[in-house]
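All of the numbers you see were taken from the coordinates with simple rules; none came from a lab. Quick caveat: nothing in here was measured; it's all calculated off a predicted structure. All Cβ positions, even for glycine, are placed from backbone atoms using ideal geometry, and neighbour counts span all protein chains on display.
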Amino acid sequence: MTGRIACLGAGRMGRGIALCFAWAGHPVDLVDFKPRPAEAFDRLAAEAKAEIAETLAMMARFDLGSETAVEVISNRIRVVPQSLAAEALGQADVVFEGVPEILDLKREALAGAQALMRPGAILASTTSTILVDDLSPALPRPETFLNAHWLNPAFLVPLVEISAGQRTDPAVTARLSALLEGIGKVPVPCAASPGYMIPRIQQVAMNEAARMVEEGVASAADLEKAIRYGFSFRFSVLGLLEFIDWGGGDILYHASNYLAQALHSDRYAAPQVIRDNMAAGRIGLKTGAGFLDYEGMDVAAYREARLRALADRLKAEGLARAPAATLVTEAV
């Protein structure tokens, strides 16, 4: 699927999405849907274009592009005032809404946008918290509406969570997923559930990290070091459910019970699915199945590939060391 893209809202998320599509060759309109004086819009437009150009220059420094492409890609993006929104939205094949996370504000913006769009065009919210079916009643064509939750920075993070509503046409979901895959993103379907996938996991992890500082478990600096070189290090290569399978669901079950009792909180208790998997013998790699299925897999080769990826991370962190040439015998 090719065509013109519009981003409703000229903030950071809109700019990041616009950059992704312009990078892939799409013309993009970054639509400022808020009425403001001409001078204020000119400042906003200049700020947006400057940020996009600087991001492109930075990506060139990361060897993800070239300095010569900065102007070419930037010129694929127009920053459009509200007075020209009807033209921009009327030409768009897909519109991504990125206004602030306020229910009534989003409903108003989405309804206003869809009224200006062609009947077959796709409208996608980028909300990280609000369910599609809480927004769609405001729309004249809910069948072409769904959620596409991008993660900041949108121009680097591959994942886009795709959540359809009860009235979303499945063909619309398929079209949007194909479009995202075409620009190098990884769309993943998610049921309509508060917090979707990543925000829901993040909320638990972030609050727990803050709670540990509050309780004096570790200083903020030491906790960050532990997260970077332990938690983030492993989970940059292994998925959370994959990691359960590596260690074994039975290990998680017993560790969870201990923490729930020791910390006097049910929030650490293992969910029922862990118990169900144990009862069914789906413990993980050692039984050939857990959350994931390893039947027919060369498990030794799979393990080595994952460990190689961790070794590459170790090198990237500058922590890989060559083996010592001599035996250390001095007292330590």
So which chymotrypsin sites (Phe, Trp or Tyr not before Pro) in region 1-91 pass both tests, a DSSP loop state and at most 16 other Cβ atoms within 10 Å of the Cβ?
Phe62
Roughly what would the spin-label model give for Gln203 and Glu87, points 7 Å off Cα along C-beta, in nm?
4.2 nm
Principal axis dimensions, region 181-332 - Cα atoms, whole angstrom, descending
57, 46, 41
Could you check the simple spin-label distance between Ala40 and Gln166, using points 7 Å along Cα→Cβ, in nm with one decimal?
3.9 nm
When the chain is treated as a GNM, springs tying every alpha-carbon pair under 10 Å, which of Met117, Met297, Met58 comes out with the largest mean-square fluctuation?
Met297
Quick one: length gained pulling Glu67 to Asp266 fully straight, 0.36 nm per residue minus the C-alpha distance?
66.3 nm
Degrees, to the nearest 10: 249-262 long Cα axis against longest axis of the chain
90 degrees
How would His26, His254, His264 line up from fewest to most surrounding beta-carbon atoms within 10 angstrom?
His264, His254, His26
Where in the chain lies the longest segment free of GluC sites (Glu not before Pro) that are both loop residues by DSSP (not H, G, I, E, B) and have at most 13 other Cβ atoms within 10 Å?
102-294
Measuring from label point to label point, each 7 Å out along Cα→Cβ, what is the Ile183 to Ser256 span in nm?
3.8 nm
Provide the gained length on full extension for the span Ala53 to Val157, in nm with one decimal, where the gain is 0.36 nm per separating residue minus the Cα-Cα distance.
35.6 nm
Computed [θ] at 222 nm, helices only, for the chain once each DSSP H run of length n ≥ 4 contributes -39500 (n - 2.57):
-14500 deg cm²/dmol
Can you sort Cys7, Cys20 so the residue with the fewest Cβ neighbours within 10 Å comes first?
Cys20, Cys7
Could you tell me the distance between the Cα centroids of region 135-187 and region 15-39, to the nearest Å?
18 Å
Relative to the longest principal Cα axis of the chain, at what angle does helix 299-316 sit, 0 to 90 degrees, rounded to 10?
70 degrees
Rg to Rh, two decimals, where region 5-189 supplies the alpha carbon set and Rh follows Kirkwood:
0.95
P(r) weight above 17 Å for region 236-316, C-alpha pairs, percent:
53 percent
With springs connecting C-alpha atoms under 10 Å apart, model the chain as a Gaussian network and identify which of Ala154, Ala85, Ala316 has the largest mean-square fluctuation.
Ala316
Given Cα positions, please report Rg to Rh for the chain, the hydrodynamic radius being the Kirkwood one.
1.04
